[in-house]
Structures are given as C-alpha cells and as structure tokens.
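Asks: Starting off with a structure, shown below.
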Amino acid sequence: MKLQKFIITTLLSVSIIGTGIPANVSASSYAVTKHTYTLKINKKKQKKKAVGASYNGKSIKTKAPGYMTGNTQMLSAYYVFKKGMGVSYSYSKKTWKVTLKRGSKKIVMKRGSKYAYVNGKKTKMPTPARMVYSYNQKKDAIYVPGSFCAKHLGLSYSWNSSSYTEAFKSSTSSKAPANQNTSAATTTTTGKTSYVQLAKPSGLSSSNISSTDDYHNYRLILNIKGNYKSFYEKSSNHKVVNDSSFKSYSVSYSGGYTKIYIKPRSKTIKGFRVTQTNSYIRVYYASPKSMYKQIIVLDAGHGGKDTGATNKSYVEKNMTLNIVKAAKKYFDKDPSIKVYYTRLSDTYPSLADRSALANNVGADRFYSVHINSAGSSATGTETLYNSKGYKSTSGLTSYKWSSTIHPYIRSATGFKNRGLVDRTGLYVLRHTKTASTLTEIGFISNNKEAKSMKANYSKYGKAVYNSTKASLNKNPAKR
Ligand SMILES: [Zn+2]
C-alpha cells in the first residue's frame, strides 16, 4: 500500500506536498542552512543533514533532499536524476527494480540489493538503492547512490563538502592541471584530478603561504601568515573538486598563523601538490606514487621506550635520530625525491608501522639507520640486506641497493669495512615490500667509535643523502 502511495506522490508530488520544506527551494540551500530532517531508512528512524545537488552549475530543485550513508551521497532518483538532469527513470513496485537510462547507458538496480546491472553487467554498488520515508513530507521516495549512478550514466560529478552538495556535469571532458614539477597527472576513479580550491584574499602574497605534509595524520597543512580564519571557514571560499569521498577540511588560527587542514581520507596517505595563482590556491592530491617520481622511506632505528643499544651516555635511538635529521637537511633541498620519515622525534613506531609506511606509500627504497653493539673491541661499518626478502621485478634488489649505499657510509665513518651482511631474520627487512637496507654505522660499544659518531652526525646525514641519490641515478624508479 505504501508502494502505491509512493508512485502517486512521486509523480504528482510537485503540487501535493506541503509540510516541512517549502516548495521550489533548492536542496543545496537546505544544506547551507544545515537543514536536518527525519527519515526512515531501512526501517530505522534517523535524523539526516540535507545533501544538495547541482547540474551544470545550477542548483537542482528537489522536495526530497539527499542524505549521506557513510561516504555515499544518496539522492532522489526522481527529483535529481529525472527532473534535475533529464535521465529516464522508472520504478516497478512489483519487482522493486529501479531503472535509470541516459543515452545508451542503462542501470538497473533493485531496492536493498548491493548489485546493479550496468548495461547488463553485474556491478557492485557502494550502497543499495532504497525506498526512504520522509516524516517531514509524509511520503516515500526512491534514493540511489549519486556518484555511482552518475559515473555509469556518463555524467561527471564532484562533492563539495562545505556546501554539502554534489555537483553533476553533462560533459565528461576535463583538463589535467599543468604540471609544475616532476609529478605525473593524477586521477581518481572518475578519471579526474582531485583537488581542493581555496580563494585567495587580495593582499595575501604567495610567499606568506607554505605547506606541511603531515602524513602521519593523513593530511596537508597550509600555513598562512596572518589571521584568515573566518575567511577560510566561509564555505564560498573553499571547495573540493572531483572527489565524492573527501574526508575533512578545517581551519585554525594561533601564533600569527592560519592553518588549514586538508585531509582527503581518514586513513590513507595521499601525495600533495600545491599550486597558486593570484586568485586561488589549489591543493592537488592522489596516491603518492602518482604524485612523486621517487619515494624513499627513511627510518631512524628504535625510539621512545626502545632505546636500542647504549654505552654510558651514548644511546642508539638518539644517534640514529640525529643522523636522520641531518640527512633531512639535504633531502629538504632536493625536490626530486619525496622522503617519508618513520619518525622525526623521540617516538616509537612499531616495526610493523615502519614497514607499513613504506608499503602504504609505495616506496622505491627503504633505508634504516642503526648503530651496532657487541664487545668493546668490535669495530667497523656494516650494511645488512635480506636475500630472501623482497623479490625485485625492476632489477633493483635489496643487495644492489645495499651495495650502493655501503661505500658512502663506510667512507664517511672511516671505520673498518665489515662489508655487506645477509640477514634474513630482521622484521623490517622481511616485511618491507621494496628494496630495503639497514646500515649499522659503527659500534656504540666501542668507546672510540661512539665518540666519533657523536661528533659526525652531519657527515653521516650527507652520506645517507648522497648514497640514496647515487642509487636513484643508477636505478631510477619506473612509473
Ligand atoms: Zn639498532
């Protein structure tokens, strides 16, 4: 009975519905005012914030505003797709089938089913089509996942998290941004480049804007000199383009700086590129591998609760950190190499965290810095690799990587040459899925070597940088 009522109200709704939502007000205008309404979705009564929609830049008028389910925008098949964008739409109350057609493209969904048929091909949906009851309007409506349907109907789409609106376009053509550095053009599943665009207030010069890749928190931080907090909180001054799954955008001000936090996903590291014109700032993002030509993970051994080896006042975790920080000074001056550091302070990432960082960003090399320990007479520099670890497909084995870096470190220390050592049991050399090396700079247990190491962090840092550069020159990463 409800179904019958739905068919009638959906098709005739324009003049029938009265309660709660004024007629002919666009959904996005609800969203701006943070309009919430009560729906019955999958038998559960829930309060939802209205999701708007636009088509070719114009707001779509709807009496059944959309809502979010997880990261999916659910939109009215009738108002948004049929009325708003001219898509042919039908619903069968007998079979529960929802059909959308646009040109030669056809999607057949079934209420409650996770699978759709796209031109006859079974395709998994992010969330099923639903019949949803609105308490405000006292009626049912069919909702479909907006991005999924748009994609398979040949429409382009992007999600603007600040206006809470999904923007559709009939044209699917788009230009990749001009590459301003070494990175490749980046795309998402929509085949489009994702970015956050921010307006630039007049008088704000480019030199007052810098950025920090806060990858441990999965975000980019824009640092802007001056207080622009209210400017950048204003929804008309920032938008997300070509990304319906964008996670969060926030702004803070303290100590003379405005900070804008751009976090595309909750737990995925993205590569970033910031470009500017006189009128706007754009923050492009995509997987690190598609953004950077060469990626290194540099690991300072031990840290936090794990001191590593010690001898009197010499502590391994501090020495490895100092060497890595010294190397960072060199890497910071070289934009051709993207470096992710497992730690830059006295923290303890687990061994699994260290390998995972390299694996998650798709690193081309993993480089771990340690200090050796044995009896007080043991001396020398040695470099460890695992012959049974990562299997190279590019020709760059862990052995090759280790044999390139070793002479640089050895000549920086001037210690005895202990050469390369095959170690198959070390966690980071077993679990890191890229060419991996672990260099033992010298012996902390030997007073003379410990003293010398403490005095030469900068020299070793330079050797870490130079050895990496030499290996990348010999075996450039292939993308
Ligand atoms: Zn160690």
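The values are calculated or read from the model by the stated rules, or taken from the named source; none is laboratory data. Small disclaimer: the values here were computed from a predicted structure and weren't measured. When we count neighbours, we look across all protein chains shown, and the Cβ atoms used for this are built from the backbone with ideal geometry, even at glycine. The area values use the complete protein model at the heavy-atom level, side chains included, leaving out ligands, DNA and RNA. Shrake-Rupley method; radii C 1.70, N 1.55, O 1.52, S 1.80 Å.
Asks: Note down the magnitude of the dipole of the chain about its Cα centre, charges +1 on Lys and Arg C-beta and -1 on Asp and Glu C-beta and zero elsewhere, to the nearest 20 debye. Intermediate values should be presented prior to the final figure.
Replies: Values: 80 positive and 18 negative charges, 475 e Å.
My answer is approximately 2280 debye.
Asks: For the range 108-169 and the range 85-103, what is the separation of their Cα centres, given in Å?
Replies: First find each Cα centre; the distance between them is then 12 Å.
Asks: Next question, about the same structure. Of Lys400/Lys462; Lys58/Lys192; Lys328/Lys454; Lys239/Lys328, which sit over 23 Å apart, Cα to Cα? Present the calculation step by step, with values, prior to reporting the outcome.
Replies: Numbers: Lys400/Lys462 20 Å; Lys58/Lys192 21 Å; Lys328/Lys454 17 Å; Lys239/Lys328 33 Å.
The pairs that break the limit, which is 23 Å between Cα atoms, are Lys239/Lys328.
Asks: Please work out the average accessible area per residue across the chain, using the 1.4 Å probe convention, and give it in Å². Don't jump to the answer; show the numbers that get you there.
Replies: Details: 21920 Å² over 479 residues.
Spelled out: the 1.4 Å probe surface of the chain, per residue, equals 46 Å².
Asks: Shifting gears a bit: Toward the positive end of the charge dipole of the chain, about the Cα centre and with charges on Cβ (Lys, Arg +1; Asp, Glu -1), which of Thr468, Phe246, Ser452 goes farthest?
Replies: Phe246
Asks: Another one. If you roll a 1.4 angstrom probe over the protein chains with everything in place, what fraction of the accessible area of the range 31-169 belongs to carbon and sulfur, to the nearest %? Provide the component values of the computation, followed by the final result.
Replies: Working: 3010 of 6150 Å².
Carbon and sulfur atoms account for 49 percent of the accessible area of the range 31-169.
Asks: Further question on the same structure: Please say if the range 311-364 is rounded, prolate or oblate, where rounded means a/c under 1.5 for a ≥ b ≥ c the square roots of the C-alpha gyration tensor eigenvalues, and otherwise the choice is prolate for a/b larger than b/c and oblate otherwise?
Replies: Numbers: a/c = 3.28, a/b = 1.29, b/c = 2.53.
Oblate, since a/c reaches 1.5 and b/c is not below a/b.
Asks: Still on this structure: For helix 398-413, what angle does its Cα long axis make with the longest principal axis of the chain, in degrees from 0 to 90 and rounded to 10?
Replies: 50 degrees
Asks: Quick check on my link table: of Lys105/Lys151; Lys247/Lys270; Lys49/Lys114; Lys416/Lys459, which ones sit more than 19 Å apart, alpha carbon to alpha carbon? Could the numbers behind the result be given before it?
Replies: Values: Lys105/Lys151 10 Å; Lys247/Lys270 12 Å; Lys49/Lys114 24 Å; Lys416/Lys459 17 Å.
With Cα atoms farther than 19 Å apart: Lys49/Lys114.
Asks: Once you sort the root eigenvalues of the Cα gyration tensor of the chain as a ≥ b ≥ c, which label holds: rounded (a/c under 1.5), prolate (a/b larger than b/c) or oblate (the other case)? Mind showing how you got there, number by number?
Replies: Values: a/c = 2.84, a/b = 2.29, b/c = 1.24.
Judged from the Cα gyration tensor, the chain comes out prolate (a/c at least 1.5, a/b above b/c).
Asks: Can you tell me which aspartates and glutamates have their Cα less than 12 Å from the Cα of Lys478? Leave out same-chain residues fewer than eight positions away.
Replies: In chain and number order, the partners are Asp364.
Asks: List every residue whose amide H lies under 5 Å from the amide H of Ser113, counting only residues 5 or more places away in sequence or on a different chain, with H placed 1.01 Å from N in the peptide plane.
Replies: Ala129
Asks: Ok, one more. What's the local net charge at Arg410, with K and R +1, D and E -1, over the other residues with C-beta under 15 Å away? Mind showing how you got there, number by number?
Replies: Details: positive: Lys416, Arg418, Lys459, Lys462; negative: Glu382, Glu440, Glu449.
Combined, the nearby Lys, Arg, Asp and Glu give +1.
Asks: For Lys234, which lysines qualify as cross-link partners when the Cα separation must be under 16 Å and same-chain residues fewer than eight apart are set aside?
Replies: Qualifying lysines at Cα under 16 Å: Lys34, Lys200, Lys259.
Asks: Now for a different question. With a ≥ b ≥ c taken as the square roots of the eigenvalues of the C-alpha gyration tensor of the range 31-169, please select rounded if a/c is under 1.5 and otherwise prolate if a/b is larger than b/c or oblate if it is not? Don't jump to the answer; show the numbers that get you there.
Replies: Details: a/c = 1.66, a/b = 1.18, b/c = 1.41.
Verdict is oblate for the range 31-169.
Asks: A further question follows. Rounded to the nearest 500, what is the 222 nm mean residue ellipticity of the chain from helices alone, with -39500 (n - 2.57) per DSSP H run of 4+ residues and division by all residues? Mind showing how you got there, number by number?
Replies: Numbers: 11 runs with 111 residues, N = 479.
So the helix-based figure for the chain works out to -7000 deg cm²/dmol.
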